[in-house]
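Step one of this worksheet: look at the structure below.
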Amino acid sequence: MPTHAPRSARRITGWHVLAMFVGGFSVIIAVNLALAFNAIRTFPGLETESSYVAGQTFDADRAAQDALGWDVGARYGDGRLTLSITGADGAPVRPEVVSATLGRATNVASDSTPQFAWTGTALAAPADLARGNWNLRVDLRASDGTAFRRRIPIRVR
């Protein structure tokens, strides 16, 4: 029957407890700082200068856009971004593009301004998109002057 010498038990001293305490909280603080730094670094900015002022006309703007009866869709394929707009009658609509921004939802580093051209049935622009989720923010104007603004999500596989 083999006998093993008993292992000497190490005692936990006050210094050990202090080291565990400082080490544990150091990890927590380091993770919090890393998350806060990345949140600030990737913050895309404000959507509007004053949400109160924008909210004053929100319902009227939405009603005017809905009255147009437009159905808007975007798709990406073969290095081309296509924005199709159809009216209530199903016919293609050619609005004026006031502005367009294509980018990631969480970061403005890859934002670009697509240069749309009319193809006869839709607006199209060359684009080089990596896999993932993208947003196309468009500000269009109808022939009667009605402003039409949308954020259109695009998923690239």
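Table for the structure above
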{"read-out": "Lone qualifier among F58, F43 - being surrounded by 10 or more Cβ atoms within 10 Å (Cβ to Cβ), over 28 Å from V156 (Cα atoms), modelled with pLDDT under 95 and of a type in the set (F, W, Y)", "value": "F58"}
{"read-out": "Which numbered condition A60 misses (of (1) assigned to a helix (DSSP H, G or I); (2) of a type outside the set (S, T, N, Q); (3) touching a strand residue (DSSP E or B) at 6+ places or on another chain (Cβ under 8 Å))", "value": "(3)"}
{"read-out": "Looking only at segment 102-128, and only at residues there that are outside any strand (DSSP E or B) and of a type in the set (A, V, I, L, M), the one that is nearest to the chain's Cα centre (by Cα)", "value": "A105"}
{"read-out": "Residue satisfying all of: in segment 65-101; part of a helix (DSSP H, G or I) and not polar (S, T, N, Q); nearest to the chain's Cα centre (by Cα) among these", "value": "D66"}
{"read-out": "Hits in segment 121-157 (condition: β-branched (V, I, T) and closer than 16 Å to G73 by Cα)", "value": "T121, V138, I152, I154, V156"}
{"read-out": "Top-ranked residue in segment 77-92 [being free of Cβ contacts under 8 Å to residues at least 24 places away in the same chain and of a type outside the set (D, E); ranked as surrounded by the most Cβ atoms within 10 Å (Cβ to Cβ)]", "value": "T86"}
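The values are calculated or read from the model by the stated rules, or taken from the named source; none is laboratory data. Source: prediction; values computed, not measured. Reconstructed Cβ throughout: ideal geometry from the backbone, glycine too, with neighbour counts over all protein chains shown.
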